[in-house]
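The values are calculated or read from the model by the stated rules, or taken from the named source; none is laboratory data. Note that this is a predicted model, so its numbers are computed, not measured. Using ideal geometry, Cβ is built from the backbone for each residue, glycine included, and neighbour counts are taken over all protein chains shown.
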Ligand code: TXE
C-alpha cells in the first residue's frame, strides 16, 4: 500500500471487519493546516456497542489460547511496526506535529513494546506455595480480566496505544481501542497492522469518534471489565466515578507538573540541556514535561541566563523539516489555551523572561515560541498543567527548600534533580513524592521495560509498562488442592 493512500479512508474495525462510521471526521496537519491528513469514520453509541459485544464474545477463545500463539501475534505486529517506522513516523509527524526524528523514535518504541510483550506472554507470572494445612497444595495463577476499553490521548498516538494494547492482548484480553480525535490516522495505521496478525475476529476492535459518545459508551458498559485511560485530569476523574461505581478495573494516567531541581553543584550545561529537553521538546506536550524548574539560589541567575540564550537558538518549524527542533502546537484550541496561559502568567505577576509569541512560518500552522517565566510557587502557571512549551523557574534557598517546592504540587508523576552530590541525589530519589525520579536526566524520556506512572493526582490504579503491566491486565486466582 502506498503511503499517500494510507489515511484517506480510515474506517472502524469491528468484529474482524472494516466498517464505515455514522459520520465522517477529518484530521489536519498542525504544521500546515491546509493539509488534510485523514478522513475517518466516526462511530456512535450503537456501533460502539457492536464492538463491545464482539469483544465479549471473542474473549474466551483468545483467553484460552496458548501463550505461544499470543507471543507470535505480538511479535508479528512489533516486527511490522519496526520495519515501517520511517513511513509511520512521517504519518505521525504530519498528524500530531512532533518532529520527524521524535515521531520515528516513537513508532520504533511502539514496535519494541509489542516485541517486549510477545516475550511477556510466555512469562505470565504465577506462584506455587506450601499451604498452612497438611497435604494441601496452593497456587496463584493469573487470568485475563476480560474486555478492556483503551482510551488514548493524542500526544503519543502510537506509543501509548501500544503500551496498553500489547499487554492487554499478551495476557489474553480482548480490546476496544478508541484513539483521540486529533490522531485517527495513527490509530487506524496501528489497527490495520493488528488486523492482519491472525487474531480471532472480535479480539481487537478500533472505534473512532468522540470521547463523550464512543469513550463514554465504553466506560458505561457492564461488558467492559477494565478501562485504561490516558488524558486530562477532568476526563480521568469522570471516568473513575462511572467505571468504579460499576466495579470495573480502572487505570488512569493524567497530568503532571514535574519539577526539575538544579542544585548549585550541578554541571550547568548538563542541567540546561535537561531543562531544555524536558520542558520544550515535543512542544512541551508530554505529561512528563519539566514545567517547574526549581533552581538553587547560587546558580539561579547563571542558569536562567544560559537557558534563555539556548532557547533563543531553538528552531520552531514544520514537523518534517530537517532543521526543526520544536514542532507546532497540536491544534488551534491547544494553542489558544497556551496563549491564555501566557496572559494569565503575566497578569498574576510572573516575570516574563522570553517567548510565548505566535510565530509565522512559510506554511500556516500552530506555531509559538517556547516561553519561560520566573514565578512564585503560588502562581497558577507554577501549579497547573499547561501542556505546551511553557515553563517557569522557582528560586530555592537550598536543597531542603528545593525538595519542599518539588513536592508542593497536587501531581506526582516524575521529578528530576541535577546535582553532583550523591547524598542529595539519593535523598531526592527517596523523598520525591512521585512515581518516577531522574538524576541528571530530563524528566521526560523513559524506558519501556519498567513501570510508568505516578502518585497523587497524576495516576490511579496499577502502573503501566514492563512486567508490572500484568497487575492491571490480569486478575489472580488462588487454587487449593488436597493431593
Ligand atoms: O483530553 P481528554 P484532550 C491534557 C492536556 C490537554 C487537555 C485536553 O492538558 O490540554 O488534557 O486534551 C477521551 N469518556 N492532556 O481534550 O478530553 C478523548 O476522546 C470517555 C494530558 O485531548 O482527556 C480522548 O480519546 N472518554 C494528557 C481521551 O479521552 C473520553 C494527554 C483524552 O481526552 C471522554 C492528553 C468521556 N467522557 C491531554 N471525554 C497526558 N497526561 O499525557 C473525552 N474522552
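Working only within the stretch 376-390, note down all residues that are over 30 Å from residue 35 (Cβ atoms) and in contact (Cβ under 8 Å) with a residue 40 or more places away in the chain. If you could, list the steps in order and put the result at the bottom.
Taking the stretch 376-390 first, the residues over 30 Å from residue 35 (Cβ atoms) are 376-384.
Selection gives 381, 382, 383, 384.
Would you mind telling me which numbered condition in (1) crowded, with 22+ Cβ neighbours inside 10 Å; (2) closer than 16 Å to residue 81 by Cβ residue 195 fails?
(1)
Run down 394, 413 and say which single residue is crowded, with 22+ Cβ neighbours inside 10 Å and more than 23 Å from residue 98 (Cα to Cα). Outline the logic, then answer.
Numbers: 413 fails: more than 23 Å from residue 98 (Cα to Cα).
Matching residue, one of 394, 413: 394.
So, of the residues in the stretch 325-347 that are more than 20 Å from residue 27 (Cα to Cα) and in contact (Cβ under 8 Å) with a residue 60 or more places away in the chain, which turns out to be surrounded by the fewest Cβ atoms within 10 Å (Cβ to Cβ)? Lay out the reasoning, then the answer.
Pass one, the stretch 325-347, residues more than 20 Å from residue 27 (Cα to Cα): 325-326, 338-347.
Retained after the next criterion (residues that are in contact (Cβ under 8 Å) with a residue 60 or more places away in the chain): 325-326.
On the way: 325: 17, 326: 27.
Of everything passing the filter in the stretch 325-347, 325 is surrounded by the fewest Cβ atoms within 10 Å (Cβ to Cβ).
Name, by its number, the condition in (1) buried (at least 23 other Cβ atoms within 10 Å of the Cβ); (2) free of Cβ contacts under 8 Å to residues at least 24 places away in the same chain; (3) not in a helix (DSSP H, G or I) that does not hold for residue 41.
With respect to (1) buried (at least 23 other Cβ atoms within 10 Å of the Cβ); (2) free of Cβ contacts under 8 Å to residues at least 24 places away in the same chain; (3) not in a helix (DSSP H, G or I), residue 41 is out only on (2).
Identify all residues within the stretch 348-374 that are touching a residue at least 60 places away in the same chain (Cβ under 8 Å) and within 13 Å of residue 390 (Cα to Cα); write none if there are none.
370, 372, 374
Of the residues in the stretch 273-289, how many are touching a helix residue (DSSP H, G or I) at 6+ places or on another chain (Cβ under 7 Å) and within 14 Å of the ligand (Cβ to nearest atom)?
Total satisfying the criteria: 2.
Determine, yes or no, whether residue 391 is within 16 Å of the ligand (Cβ to nearest atom), under 25 Å from residue 263 (Cα atoms) and either at pLDDT 95 or above or part of a strand (DSSP E or B) (or both). Working first, answer last.
Numbers: within 16 Å of the ligand (Cβ to nearest atom): yes; under 25 Å from residue 263 (Cα atoms): yes; either at pLDDT 95 or above or part of a strand (DSSP E or B) (or both): yes.
Spelling it out, residue 391 is indeed within 16 Å of the ligand (Cβ to nearest atom), under 25 Å from residue 263 (Cα atoms) and either at pLDDT 95 or above or part of a strand (DSSP E or B) (or both).
Exactly one condition in (1) more than 14 Å from the ligand (Cβ to nearest atom); (2) at pLDDT 95 or above; (3) in contact with a helix residue (DSSP H, G or I) (Cβ under 7 Å, 6 or more places away or on another chain) is false for residue 138; which is it?
(3)
Suppose we filter the stretch 312-324 for residues that are surrounded by fewer than 23 Cβ atoms within 10 Å (Cβ to Cβ) and touching a helix residue (DSSP H, G or I) at 6+ places or on another chain (Cβ under 7 Å); how many remain?
Count: 2.
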